[in-house]
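Engineer: Here it is, the structure in full.
The values are calculated or read from the model by the stated rules, or taken from the named source; none is laboratory data. Because the structure is predicted, anything quoted here is derived from the model rather than measured. Glycine gets a Cβ as well: all are built from the backbone with ideal geometry, and neighbour counts include every protein chain shown. All accessible areas refer to the heavy atoms of the entire protein, side chains included, with ligands and DNA or RNA removed. Shrake-Rupley method; radii C 1.70, N 1.55, O 1.52, S 1.80 Å.
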Amino acid sequence: MSVQDETPLVKIRNLHFSRGNKVIFDGVDMDIPRRKVTAIMGPSGTGKTTLLKLIGGQLRPEQGTVEVDGEDIHSLNTKALYKLRMRMGMLFQSGALLTDISVFENVAYPLREHTDLSSSMLRKLVLMKLEAVGLRGARDMMPSELSGGMARRVALARAIALDPMMIMYDEPFTGQDPISMGVLVKLIRSLNDAAHISSIVVSHDVQETLEIADQVFVISNGKVVESGSPNELAVSKLDWTQQFVKGLPDGPVPFHYPADDLNEDLLNS
Amino acid sequence: MRVIMDYFVNLGRKVIAALEKTGRGHMLFVKMVAGFDEILRRPSLLIRQLFYIGVLSVLLISLSGFFVGMVLGLQGFYTLSQFGAEASLGVMVAASLVRELGPVVTALLFAGRAGSALTAEIGLMKATEQLSGLEMMAVNPVRRVLTPRMFGGIVSMPLLAAMFSMFGVLGGWFVGVGLLGVDDGTYWSQMQGKIDLHEDIYNGVIKSVVFGVVCTWIALFEGFDSTPTSEGLSRATTRTVVHSAFAILGLDFILTAMMFGE
Ligand SMILES: Nc1ncnc2c1ncn2[C@@H]1O[C@H](COP(=O)(O)OP(=O)(O)OP(=O)(O)O)[C@@H](O)[C@H]1O
Ligand SMILES: [Mg+2]
């Protein structure tokens, strides 16, 4: 392996980002390794989706840098950014399929856009990608006819269409039944190990995520609170991590969004 | 004191927000127009939009044109016959349509039909992350999604306005000649003699091109800039129709003053 291969795939330094007055990231440092499944976990609303959008160059940080494959994504010009994005797949929380074209056309879209494949090659490739997610039979359906879980799997087929170097999965497990969940976990693993597509999985499904991750970052309140292998996290000394991993209702992580005292709030009406 | 301060602070915020929005609107316009080469490379994108924006509006526009023409025929006949000038009915109907009613009413109907649909479509594509999805597939959503719609609107509007005027003239003829007994030959020959290609027709076309640009721009920008919720989307759609109507009527006055002012 060359030296290049050992540099992190994504290198985040001193990342600051806020929405209005709400600080989402307050100095995050992260090294996401190549050829591994990296999980980013944290409670709902901590900014996991936001982090993926920052990595994909869709949002700009206020401070700090994000390097993807050695390139500072926020200083690239449009052309270079789009070129880099062709090597990054992203699976959106909602699927984000184009609703006016069929499943087949959705998966074919990036191929038609960025390659000159003959139509028979294109067809073969699309059917193979659909086969990989178990939805070859659904090729003629429209996105509106799919369930949420199916839509996500079609979106995965689309994300791997261009054989990217990495895929960012935003909540891949929500809305999947136990069987397709198992298939999906295996699929992410095999895409990662066999096809050498590095994976970044963002999730709050603790069990499934710990099962497939090689490396885990836990974020909360705009910071990385802990990182390490799943085993290290399982025996973590931090109350915070214990609470999150075990799903306990009480602990340092409040269930409630910050608010005034309940009694005062009710009396003030 | 406090109240007054708050008032000014709020006012200032609103002004800044409005200015920012205007700025975003102009930036988007430049980007949409700069994406023109995308259409040259993929004409099918434009053709599809011409169908959705233009062809699907044809029935609405031609029927409305016919009715407006019939009303013009009636009103015109009543007024003109008081001076014994029924013979000029054809000119009156055609001039009103080509100069004013054709471009203006077509644009108002266009904003209600095609404009609101464009806003809803783009807003929904944003809310369902389809635009983000395109970006992550290294496809520029402005060039791919907005530019063809922009030019589809610009091309459709003058054609629709011409159609409106044509059906209006027929409507006026139907009432004037068919029902009220104006002479068929005079209706057409007076129209042919008095309607000026430059003064009337070109100016009408210029108006409808301007309205086409403005209406489509407003519709696309409102969709693109909408808050991605159902409430945000419904507000954006309403704004499209209201702002378009104001823009059309205001611009119509300015353009008319410039064209026929001297
Ligand atoms: N467009 C936006 N405008 C303003 N605030 C936003 C916007 N999008 C997200 N936020 C805020 O940013 C924070 C992080 O959002 P994000 O979607 O990244 O959370 P998340 O960790 O992905 O949550 P979940 O697990 O529920 O998907 C949230 O508190 C949300 O209120
Ligand atoms: Mg999220």
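Engineer: Taking the condition of being more than 8 Å from chain B (Cβ to nearest Cβ) and hydrophobic (A, V, I, L, M, F, W, C), how many residues in segment A:85-108 meet it?
Structural biologist: Number of matching residues: 6.
Engineer: Of A:Ala159, A:Ala155, A:Ala108, which residue is at pLDDT 90 or above and within 16 Å of ligand 2 (Cβ to nearest atom)?
Structural biologist: Matching residue, one of A:Ala159, A:Ala155, A:Ala108: A:Ala155.
Engineer: Another question, then. Would segment B:142-149 turn up any residue that is in contact with a strand residue (DSSP E or B) (Cβ under 6 Å, 6 or more places away or on another chain) and free of Cβ contacts under 8 Å to residues at least 24 places away in the same chain?
Structural biologist: Within segment B:142-149, none of the residues are in contact with a strand residue (DSSP E or B) (Cβ under 6 Å, 6 or more places away or on another chain) and free of Cβ contacts under 8 Å to residues at least 24 places away in the same chain.
Engineer: Go through segment A:7-27 and count every residue that is within 16 Å of ligand 2 (Cβ to nearest atom) and open to solvent by less than 40 Å² (accessible area, probe 1.4 Å).
Structural biologist: Number of matching residues: 3.
Engineer: Hey, which of the strands (runs of 3 or more DSSP E) in segment A:16-96, taking only ones fully inside, have at least 1 residues that are more than 16 Å from ligand 1 (Cβ to nearest atom) and farther than 20 Å from B:Met136 by Cβ?
Structural biologist: A:22-32, A:63-68
Engineer: Can you confirm whether A:Leu130 is more than 17 Å from the chain's Cα centre (by Cα) and outside any helix (DSSP H, G or I)?
Structural biologist: Spelling it out, it is not the case that A:Leu130 is more than 17 Å from the chain's Cα centre (by Cα) and outside any helix (DSSP H, G or I).
Engineer: Turning to a different aspect of this structure: Given the condition at pLDDT below 90, open to solvent by 10 Å² or more (accessible area, probe 1.4 Å) and within 21 Å of A:Ser198 (Cα to Cα), answer yes or no: does some residue in segment A:132-143 qualify?
Structural biologist: Yes, because at least one residue in segment A:132-143 is at pLDDT below 90, open to solvent by 10 Å² or more (accessible area, probe 1.4 Å) and within 21 Å of A:Ser198 (Cα to Cα).
Engineer: May I pose another question? Looking at segment A:194-227 only, could you name the residues that are in contact (Cβ under 8 Å) with a residue 60 or more places away in the chain, away from ligand 1 (no atom under 16 Å from the Cβ) and either surrounded by fewer than 16 Cβ atoms within 10 Å (Cβ to Cβ) or within 14 Å of another protein chain (Cβ to nearest Cβ) (or both)?
Structural biologist: A:His196, A:Asp214
Engineer: Another one. Of a type in the set (Lys, Arg) and modelled with pLDDT under 90: which single residue out of B:Arg42, B:Arg48, B:Arg24, B:Arg13 fits that description?
Structural biologist: Of B:Arg42, B:Arg48, B:Arg24, B:Arg13, the one residue that is of a type in the set (Lys, Arg) and modelled with pLDDT under 90 is B:Arg42.
Engineer: Could you check how many residues of segment B:174-187 are touching a residue at least 12 places away in the same chain (Cβ under 8 Å) and crowded, with 19+ Cβ neighbours inside 10 Å?
Structural biologist: The qualifying residues number 4.
Yes or no, residue by residue, for (1) away from ligand 2 (no atom under 16 Å from the Cβ); (2) acidic (Asp, Glu); (3) more than 14 Å from chain B (Cβ to nearest Cβ); (4) out of contact with any Asp or Glu (no Cβ under 7 Å at 6 or more places or on another chain):
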residue	(1), (2), (3), (4)
A:Val37	yes, no, yes, no
A:Ser44	no, no, yes, yes
A:Glu67	yes, yes, yes, yes
A:Thr78	yes, no, no, yes
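Engineer: Follow-up. What pairs can you find where one residue is in segment B:117-135 and away from chain A (no Cβ under 12 Å), the other is polar (S, T, N, Q) and crowded, with 23+ Cβ neighbours inside 10 Å, and their Cβ atoms are less than 8 Å apart, with a gap of 6+ or different chains?
Structural biologist: B:Leu118/B:Thr216; B:Leu118/B:Thr240; B:Thr119/B:Ser226; B:Thr119/B:Thr240; B:Ile122/B:Ser226; B:Gly123/B:Ser226
Engineer: Another one. Would you call B:Arg48 among the basic types (Lys, Arg) and either within 14 Å of chain A (Cβ to nearest Cβ) or surrounded by fewer than 21 Cβ atoms within 10 Å (Cβ to Cβ) (or both)?
Structural biologist: yes
Engineer: Name the residues in segment A:165-175 that are away from ligand 2 (no atom under 16 Å from the Cβ) and open to solvent by 10 Å² or more (accessible area, probe 1.4 Å), would you?
Structural biologist: A:Met165
Engineer: Would you check which residues across segment B:219-258 are open to solvent by 30 Å² or more (accessible area, probe 1.4 Å) and either of a type in the set (Val, Ile, Thr) or within 16 Å of ligand 2 (Cβ to nearest atom) (or both) and list them?
Structural biologist: B:Thr227, B:Pro228, B:Thr229, B:Thr237, B:Thr238, B:Val241, B:Val242, B:Ile254, B:Thr256
Engineer: Among the residues of segment B:157-173, is any out of contact with any strand residue (DSSP E or B) (no Cβ under 9 Å at 6 or more places or on another chain), within 30 Å of B:Gln130 (Cα to Cα) and either modelled with pLDDT of 95 or more or open to solvent by less than 70 Å² (accessible area, probe 1.4 Å) (or both)?
Structural biologist: Yes.
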